[in-house]
Amino acid sequence: MTELWVEKYRPKRVADVVGNKESVDAFVKWMKQWELGRPPEKRAVLLYGPAGVGKTSLVLAYGKEHGYDVIEVNASDWRDEARMKAVVGESSLQATLDGSTRKIIVVDEVDGVAGREDAGGIAALSRIIDETRVPLALIANNPWDPKLAPIREKCLMLEFRRLRKAEVVKRLREIAEMEGVKVPDAVLEKLAEMSEGDLRSAINDFQAITGGRKIVDEKALEALGARNRVKEIFDALRMVFNAKSIRAARAALEGLEVDLDMIYTWILDNTPDQIPDPSDLADAFEALARADVMLARVNRRQEWRLMRYAIPVMTGGVALARRHKPSGFVKFTFPPRIRFLQSTSAERELRRSIAQKIAAKLHLSTSKALSQMLPYISFIMANDGGMGDAMARYFEFTASEVAYLRGGEVEKVEKAGARRRVSRRARKS
Ligand SMILES: Nc1ncnc2c1ncn2[C@@H]1O[C@H](COP(=O)(O)OP(=O)(O)OP(=O)(O)O)[C@@H](O)[C@H]1O
Ligand SMILES: [Mg+2]
């Protein structure tokens, strides 16, 4: 058994699923129709909403409680239509005649299919919905991609919203009691607030700050500082690029406790993605080049007054240059230090293999395992020796994977940061 709380405390019965009562009830009602031998008019449900709110858990809990075989397929892990048909198509047609094993098919990350060029996946899925003889539960974070329209029509749409703070606190409290951990309400409330309704990350954070201890106080929250900072930087970047005035762009950096050089690099790195128009882009680079010169002088000659000019130029100059926006939402890229981490092929390979092992155990795709779970597992393994061993056994990590998760990462992050700073300095002088 895993010692990861998200998995240990995954709802075992539908009644354990917190929040989103209407959608939970509607799902149960839909399943009952199948059980009465009258397949509902809509043969598929589409459970949609943000990460970590119980979509996958609901289906698994229902399956467990009512004796179903839950067959999980990750849409984003498919190579091609043929493979999808092989997995989903086959089983969706084998309704059991004797009723011995009942099946639910879960197709997770349906939105991942829409993003790909080949429309074949959507068409195949659409046909499977028409033909299925077993309940089909589709899951997506964002179901509104136009390419998903034909699927939406055929599904009972069930929305899952972020959980309310009180719901998150309540669940954390239950977990604390089951683990025998003493923790003040204030800490759980803070964790709930930070999670923004994502119970998975709240539970992960809680386990991370607990670090195997039985008494946790507010000081433990400090361990989460780094994670917060990354999020703050994302927010700041979004504000910089979307600002309508220099003042607003400059304000985005207020209160941000990050090295200015670092922020500069992040703005620079994101500029080509966020500014699609070539002439806008030229203007933005012009502003960045000017700010670069000023920052170099701040660094070299300690001319601090130049900061007052560098900041509005590198923020406002970029924001005002952005007269055209990309069509659709373009993600901000992860801070370069993290990207650097993934930049050698050996390391990428290692991370992929780790992510696959996590995905196989935790009902996630490999991409989600990478972004949602790997950092926590790494944190927990690095900070709690005993847990680390248990985790290594559970996931069947190899020795080099364990070494990487236990500490290689932190060390390399720092080196990567240092190297970048050095190279930027070198460029300037
Ligand atoms: N509503 C909930 N009730 C109880 N536990 C929950 C709930 N939502 C999330 N959890 C906890 O968080 C973990 C992850 O939840 P789950 O896999 O259901 O998220 P999800 O909505 O499917 O997210 P994603 O879109 O990232 O797949 C669960 O194992 C469970 O521990
Ligand atoms: Mg899920």
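May I ask you to list the residues in the range 9-64 that are touching a Lys or Arg at 6+ places or on another chain (Cβ under 7 Å) and of a type in the set (Ser, Thr, Tyr)? Selection gives Ser57 alone.
So, in the range 27-46, exactly how many residues are surrounded by 16 or more Cβ atoms within 10 Å (Cβ to Cβ) and in a helix (DSSP H, G or I)? Counting residues in the range 27-46 that are surrounded by 16 or more Cβ atoms within 10 Å (Cβ to Cβ) and in a helix (DSSP H, G or I) gives 4.
Does Glu72 meet the test of being outside the structural domain of Glu153 (by TED's automatic domain parsing) and at pLDDT below 95? Spelling it out, it is not the case that Glu72 is outside the structural domain of Glu153 (by TED's automatic domain parsing) and at pLDDT below 95. The set of residues in the range 360-397 being among the small types (Gly, Ala, Ser) and within 14 Å of ligand 1 (Cβ to nearest atom) consists of Ser365, Ser367, Ala369, Ser371. Of the residues contained in the range 203-210, one or more are found to be in a helix (DSSP H, G or I), buried (at least 19 other Cβ atoms within 10 Å of the Cβ) and within 16 Å of ligand 2 (Cβ to nearest atom). Within the range 17-34, which residues are away from ligand 2 (no atom under 16 Å from the Cβ) and in contact (Cβ under 8 Å) with a residue 40 or more places away in the chain? The answer is Ala26, Trp30, Met31, Trp34.
With respect to Phe329, is the statement that it is under 28 Å from Asp145 (Cα atoms) and part of a helix (DSSP H, G or I) true? Here the answer is no, as Phe329 does not meet what is asked. Among the residues of the range 158-183, those identified as away from ligand 1 (no atom under 15 Å from the Cβ) and surrounded by 13 or more Cβ atoms within 10 Å (Cβ to Cβ) are Val181, Val183.
The values are calculated or read from the model by the stated rules, or taken from the named source; none is laboratory data. Since this is a predicted model, take the numbers as computed values, not measurements. Note that each Cβ is placed from the backbone with ideal geometry, even for glycine, and that neighbours are counted across all protein chains shown.
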